[in-house]
Amino acid sequence: MNMPLPQPPRDLAPGGRAGAWLGRRVDAIARTARHPLFWVGAREMAGVSVGLTAWAFMTGVAMVKSGMSITEAVLMSLLVFAGSAQLAAIPLIAAGAPLWVIWATAFCVNLRFVVFSLHLREYFMFLPRARRLVLGYLTGDVTYVLYTRRFPRPAETENQRRAQMAYLWGGNCANWVMWQSLSMLGIFMGAALPARWGLEFAGTLALLAMACSLATTRLRALSALIAAGAAVAVFGLPYRLNIVAAITIAVAACLMLERRHGEPAEGRHA
């Protein structure tokens, strides 16, 4: 007696495929969250995020006090996950500057992330492109510093990759949640507070304090002074292009100074 052969499995329906994909993603997230280094990254990020949360709050206040609606401010906080770019773009948006000027200013302010991405390329190239884009959106200055300090070299085995990714995801999730929470609080409190309090300048003061704290070497302090002087000298440029010009002048001057004084120092050291 011949037994009927089993039928080959049919392709899943679109809904079934989406459900299977979602199930795999949830399972992968759960495995990452259960890894011990996930919570190590979250704790280390939480330990240094006090200043960042204050900056997030002031950025939220500055957005609504500059004339943006609550909806626009919330969307900007979620889509533009970069406080310095937000503070640089806010006065340009309020002044009605062209879109290309706003994009150019934000790009110049965030040029450091190009350097970060070049450094992290070897760490993340094993991931699919979509996941790399998500990590690029979530990874900020402090999480980059903490991650590269703990892992000076890219992973070589699958277990090492899982450990590194768990640590990075823990820091990124903690950073994103704390930033967005305080930014939203600043947005809604800023909308409720009276305009006579003059809080629209608070975000600029917060960014200035952050910039001063980063001037830890003579070259960095000199670059800040050059940028400030150039911004004042070309203040009359339209659409606040003095910001772009100041960044360009400071970067060019410091590159020349670093090349001029770095080569002899390296020769003596060798």
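Some observations on this one:
- The range 118-150 - residue that is more than 18 Å from the chain's Cα centre (by Cα) and either surrounded by 16 or more Cβ atoms within 10 Å (Cβ to Cβ) or among the acidic types (Asp, Glu) (or both) and, of those, nearest to residue 31 (Cα to Cα): 150
- Boolean, residue 89 is in contact with a Ser or Thr (Cβ under 7 Å, 6 or more places away or on another chain), small (Gly, Ala, Ser), surrounded by 13 or more Cβ atoms within 10 Å (Cβ to Cβ) and at pLDDT below 90: yes
- Residues of the range 98-135 that are in a helix (DSSP H, G or I), more than 17 Å from residue 32 (Cβ to Cβ) and in contact (Cβ under 8 Å) with a residue 40 or more places away in the chain: 101, 104, 105, 108, 109.
- Top-ranked residue in the range 151-166 [being over 20 Å from the mean Cα position of the chain (by Cα) and in a helix (DSSP H, G or I); ranked as surrounded by the most Cβ atoms within 10 Å (Cβ to Cβ)]: 163
- Every listed requirement among (1) assigned to a helix (DSSP H, G or I); (2) small (Gly, Ala, Ser); (3) more than 30 Å from residue 159 (Cα to Cα) is met by residue 42 save one, (3).
- Among (1) of a type in the set (A, V, I, L, M, F, W, C); (2) in a helix (DSSP H, G or I); (3) under 26 Å from residue 247 (Cβ atoms), the one test that residue 178 misses: (3)
- The range 58-72 residues that are more than 14 Å from residue 185 (Cα to Cα) and assigned by TED's automatic domain parsing to the domain that holds residue 183, paired with ones that are in a helix (DSSP H, G or I) and not aliphatic (A, V, I, L, M) (beta carbon under 6 Å, 6 or more apart): 66/200
- Close contacts from the range 214-242, counting a first residue that is free of Cβ contacts under 8 Å to residues at least 24 places away in the same chain and a second that is in a loop (DSSP other than H, G, I, E, B) and not basic (Lys, Arg), with Cβ to Cβ under 7 Å and a gap of 6+ residues or different chains, come to 221/215; 242/234; 242/235.
- Residue among 245, 221, 253 that alone is part of a helix (DSSP H, G or I), modelled with pLDDT of 80 or more and under 20 Å from residue 85 (Cβ atoms): 245
- Residue 106 meets each of the listed conditions (1) more than 24 Å from residue 56 (Cα to Cα); (2) buried (at least 16 other Cβ atoms within 10 Å of the Cβ) apart from (1).
- As a summary of the residue check, residue 258 satisfies the conditions (1) of a type outside the set (A, V, I, L, M, F, W, C); (2) modelled with pLDDT of 80 or more; (3) part of a helix (DSSP H, G or I) except for the one numbered (2).
- Selection within the range 84-97 - among the aliphatic types (A, V, I, L, M) and touching a residue at least 40 places away in the same chain (Cβ under 8 Å): 87, 88, 90, 92, 95, 97
- Among the candidates 13, 18, residue that is closer than 30 Å to residue 162 by Cα, outside the structural domain of residue 166 (by TED's automatic domain parsing) and at pLDDT below 85: 18
The values are calculated or read from the model by the stated rules, or taken from the named source; none is laboratory data. Quantities reported herein were computed from a predicted structural model and do not represent experimental measurements. Note that we place each Cβ from the backbone using ideal geometry, even for glycine, and neighbour counts take in every protein chain shown.
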